[in-house]
Amino acid sequence: MTRIPAPQGLPIVGNTLQIPSHSPVEHFVEVAAGYPGGIFKLEIAGRTVVLVYDPDLVAEVCDESRFVKRIRPPLSIVRDFGGDGLFTAEPDEPVWGHAHRILMPAFSQRSMKAYYPQFLEVAEQLVESWAGRQGDDLPVADDMTRLTLDTISLTGFGYRFNSFDSPDLHPFLQAMGGALTEAMLRNQQLPFVTKLKRRHEETYRRDIATMQSLVDDVIKQRRAEGGSGAKDLLGLMLEASDPQSGARLSDENIRNQVLTFLIAGHETTSGLLSFALYNLLREPHTLARAYDEVDRLLPGDEPPSYETIMKLDVIPRILEETLRFWSPIPVFGVSAVEDTVLGGPGGYEIPAGQGIGVLLPPLHRNAKAWERPEEFDIDRWLPEHKKDHHPGAYKPFGNGERACIGRQFALTEARLALAMILRRFALSDPNVYRMKIKQTLTLKPDGFTLRVRERRAHE
Ligand code: HEM
């Protein structure tokens with residue numbers, strides 16, 4: 001058998017103290033650079049965590065007959081507020097299947113067409129807001145968060161945050177940022193340390209209560225409107241039953257799902273759009289191709305139709321390549337169903353129940369699977385190249401049954417937003433931003449600003 005390599009830790013605390021609390025993933029990526037075999041293990045807060053990023057090993061751990069998602073740290077901590085919502089439900093909790101089957105139709109491509117007017121409404125608010133702030137340093141991640149939060153809440157629940165009306169981010173977002181950061185910190189703390197930090201505990205519980213009270217408002221508002229029969233996520237959850245078992249979702253579960261969707265449905269897409277804009281500013285050739293595309297397919301000032309947005313080709317490839325370069329969710333976890341061996345006979349022994357993290361940054365830039373991995377090249381997403389991609393090399397939306405239910409939602413929303421931005425504005429980065437990652441479980445570029453000026457008015 002081959003020993004899984006591991007950086008030297010300390011007695012009792014293992015590697016815990018070597019991991020910087022606010023940027024664990026950057027640390028994992030640095031460690032990964034020293035282990036080109038694509039696997040290593042760490043002892044974190046009393047647990048052994050195996051991280052894999054070799055595409056062959058990742059393809060193995062994505063075999064759902066051998067490895068399944070289990071709710072371990074940090075997800076077991078996120079469960080403090082996600083409860084038995086889709087993201088943080090155990091695979092054997094029946095409610096996962098009920099909710100999954102009830103909600104799947106709401107994420108079909110047909111549903112994206114139904115949501116399109118709301119996608120457009122919020123994207124128009126973004127470009128109007130930027131048109132009024134030409135020459136200012138625009139806080140990219142904050143504005144992408146306004147866009148994506150307002151989009152999921154309006155399309156999913158008919159609820160308006162009106163985030164572009166206020167210079168401050170909504171209290172829900174501050175509470176969410178606090179809770180996600182605390183979940184990340186707790187993931188690397190020995191449990192007795194978490195218990196000692198009373199003030200953190202108070203703030204954490206207050207943040208969770210703030211988020212839950214917003215969710216209660218969302219549901220109350222819908223019930224006050226008579227429950228309506230709307231075909232959005234909330235309408236389905238209140239009225240539909242599981243086609244397989246006939247089960248309905250409990251009030252408590254609906255509350256957990258709404259909070260899950262409010263968080264999962266915006267935080268990552270905001271990161272994707274922020275990283276995409278960052279990449280475009282560094283890749284003038286790709287930016288020029290994107291401008292060509294929007295000028296060709298979206299001439300004039302008319303709101304683009306859903307069909308037009310579906311015809312885009314360069315912009316979706318920019319999004320795919322951005323997700324390769326910077327995955328907003330940098331790690332997802334699975335656990336071994338039984339004792340097993342990774343990497344074929346004589347490979348790495350993995351005991352039943354062992355948690356494995358698929359570490360996306362070094363996987364998505366792994367030279368074994370990608371030619372010129374450090375180059376931002378949208379043409380690797382042309383159909384003729386895409387079909388040759390290694391099956392384990394690209395996992396920005398997770399894997400299998402527990403992969404992201406909102407993938408089409410995110411990609412449709414992001415296509416439209418990017419097209420609307422590029423049609424209207426020339427982008428510049430006079431402050432020459434240098435990438436600094438902010439991690440609150442998900443990744444975003446910290447402090448990234450850009451400036452815009454209207455293209456047509458100046459041409
Ligand atoms: C699951 C990524 C957008 C809702 C996941 C997972 C990943 C992911 C990696 C799997 C997590 C795991 O295995 O533990 C992303 C990325 C997005 C995005 C990169 C944007 C670029 C969205 C959107 C929604 C959403 C827009 C909702 C509207 C969910 C839910 C799950 C999930 C509910 C849990 C699914 C289940 O286990 O049944 N996402 N996501 N995500 N995502 Fe997304």
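Numbers at a glance
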| item | result |
| --- | --- |
| Relative contact order of the chain, pairs being alpha-carbon contacts under 8 Å that are 6 or more residues apart, as % | 26 |
| Reciprocal of mean inverse Cα separation for the stretch 406-459 (Kirkwood radius, Å) | 13.4 |
| Nitroxide proxy distance, nm - points 7 Å out along Cα→Cβ at residue 239 and residue 92 | 3.7 |
| Amide H contacts of residue 69 (H built 1.01 Å from N, under 5 Å, at least 5 apart or other chain) | 335 |
| Tensor-based shape of the stretch 70-158 (alpha-carbon gyration tensor, a/c under 1.5 rounded, otherwise prolate or oblate) | oblate |
| Positive minus negative residues near residue 342 (Lys, Arg vs Asp, Glu; Cβ under 13 Å) | -4 |
| FRET efficiency for residue 311 and residue 192, using Cβ-Cβ distance with R0 set to 41 Å, rounded to 0.05 | 0.10 |
| Cα point-scatterer Debye curve for the chain, base-10 log of I(q)/I(0) at q = 0.12, 0.13 Å⁻¹ | -1.12, -1.31 |
| Neighbourhood charge, 13 Å Cβ-Cβ cut-off, centred on residue 102 and excluding it, Lys, Arg +1 and Asp, Glu -1 | 0 |
| For the stretch 1-96: rounded, prolate or oblate by the Cα gyration tensor [a/c cutoff 1.5] | oblate |
| Distance from the stretch 381-415 to the stretch 46-119 (C-alpha centre basis), Å | 15 |
| Residue (of 393, 428, 95) at the positive-pole extreme of the chain, dipole from beta-carbon charges | 95 |
| Assigned charges on the beta-carbon of Lys, Arg, Asp, Glu; the chain dipole about Cα centre (debye) | 560 |
| Modelled FRET efficiency - R0 45 Å, residue 27 with residue 302, Cβ distances, 0.05 increments | 0.40 |
| Within the stretch 309-459: Cβ-based charge dipole about Cα centre, in debye rounded to nearest 20 (Lys, Arg +1; Asp, Glu -1) | 800 |
| Value of relative contact order over the stretch 356-427, rounded to a whole percent, pairs C-alpha under 8 Å and six or more apart | 24 |
| Cross-link reach list, aspartates and glutamates versus residue 387, counting only Cα pairs under 13 Å and skipping chain neighbours closer than eight places | 379 |
| Rounded to 5, the percent of DSSP beta bridges in the chain classed as antiparallel | 85 |
| Sparsely packed trypsin sites (Lys or Arg not before Pro) within the stretch 328-400, loop by DSSP, other Cβ within 10 Å at most 15 | 368, 387 |
| Per-residue HN-Hα couplings for the stretch 326-332 [Karplus 6.51, -1.76, 1.60; θ = phi - 60°; Hz; x = Gly/Pro] | 9, 7, x, 9, x, 9, 10 |
| Given charges at Cβ of Lys, Arg, Asp, Glu: the stretch 154-294 dipole, positive-most of 164, 176, 243 | 176 |
| Cα-based shape type of the stretch 230-346, given that a ≥ b ≥ c are square roots of the gyration tensor eigenvalues and the cut on a/c is 1.5 | oblate |
| Assigned charges on the beta-carbon of Lys, Arg, Asp, Glu; the stretch 126-166 dipole about Cα centre (debye) | 180 |
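All of the numbers you see were taken from the coordinates with simple rules; none came from a lab. All values derive from a computational prediction rather than experimental measurement. Here the Cβ is made from the backbone with ideal geometry for all residues, glycine too, and neighbour counts use every protein chain on show.
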